[in-house]
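Student: There's a structure below that I have some questions on.
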Amino acid sequence: MTTWEDDLGIGYPALDSQHRQLILLATRACLKIDSDTRLADADIKHLLLDFAAFVAHHFSCEERLLARLNYPALENHARNHAKFTDNLISCIARIDTQSVTCSELCVLLEDRLIHHILVEDAALRPFLSALPDWMKTGTSDPPRAPCPTHLETPELTWIGTPRSANQGHGERKIASQ
């Protein structure tokens, strides 16, 4: 059984949070698989489909982020995602025909997932650590500078004569010098 440990973090909070969730889902699925002798159990398939959906969501988020940040090895990283996803979908499809073993599924769910995070995603760590902290929060804009307490304004002068209380609604203009 795998649990989240800090050394699995890659230094990008949103992705680390998703990695924690993936490990939790994988662990739940493996516990269910280990406790049930019938792999075709609908609960197991449901857990695996949930896991696969979250894997797809996570990989999509990660790839969009890396594209936005111009990660130089994105193409290779996306290929690794596709390979993992293809293996997962293949295993889930083989549940109905009983041509996949419990251990094969758990190796994919836990060992391959942990390998992906520890090796492939860990390669992102130096790239992500070079980002400014505001980019790691998932916002797309840098923080705004605080407003100064004293704003310099240009001198303003009246053009024409000011309207007095007794005059009509004459036009006044303001010009900066």
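Student: Take GLU62 and tell me if it is modelled with pLDDT of 90 or more and open to solvent by less than 50 Å² (accessible area, probe 1.4 Å).
Tutor: The answer is yes for GLU62.
Student: Of the residues in the stretch 5-27, how many are surrounded by fewer than 17 Cβ atoms within 10 Å (Cβ to Cβ) and part of a loop (DSSP other than H, G, I, E, B)?
Tutor: Summing the residues that are surrounded by fewer than 17 Cβ atoms within 10 Å (Cβ to Cβ) and part of a loop (DSSP other than H, G, I, E, B) in the stretch 5-27 gives 2.
Student: Further question: Could you grab me the full set of residues in the stretch 107-132 that are more than 15 Å from TYR12 (Cβ to Cβ), open to solvent by less than 30 Å² (accessible area, probe 1.4 Å) and among the acidic types (Asp, Glu)?
Tutor: Within the stretch 107-132, GLU110 is the sole residue that qualifies.
Student: As an exercise: evaluate PHE51 against (1) surrounded by fewer than 17 Cβ atoms within 10 Å (Cβ to Cβ); (2) in contact with a helix residue (DSSP H, G or I) (Cβ under 6 Å, 6 or more places away or on another chain); (3) within 18 Å of LEU22 (Cβ to Cβ) and give the number of the one condition it does not meet.
Tutor: Going through (1) surrounded by fewer than 17 Cβ atoms within 10 Å (Cβ to Cβ); (2) in contact with a helix residue (DSSP H, G or I) (Cβ under 6 Å, 6 or more places away or on another chain); (3) within 18 Å of LEU22 (Cβ to Cβ) one by one, PHE51 breaks only (1).
Student: Then there's this: Looking only at the stretch 92-125, which residues are in contact with a helix residue (DSSP H, G or I) (Cβ under 7 Å, 6 or more places away or on another chain) and free of Cβ contacts under 8 Å to residues at least 40 places away in the same chain?
Tutor: Within the stretch 92-125, GLU104, LEU108, ARG112, HIS116 qualify.
The values are calculated or read from the model by the stated rules, or taken from the named source; none is laboratory data. No experiment lies behind these values; they were computed from the predicted model shown. Neighbour counts run over all protein chains shown; Cβ positions are idealised from the backbone, glycine included. Note: accessible area is taken over every heavy atom of the protein model, side chains too, but ligands, DNA and RNA are not part of it. Shrake-Rupley method; radii C 1.70, N 1.55, O 1.52, S 1.80 Å.
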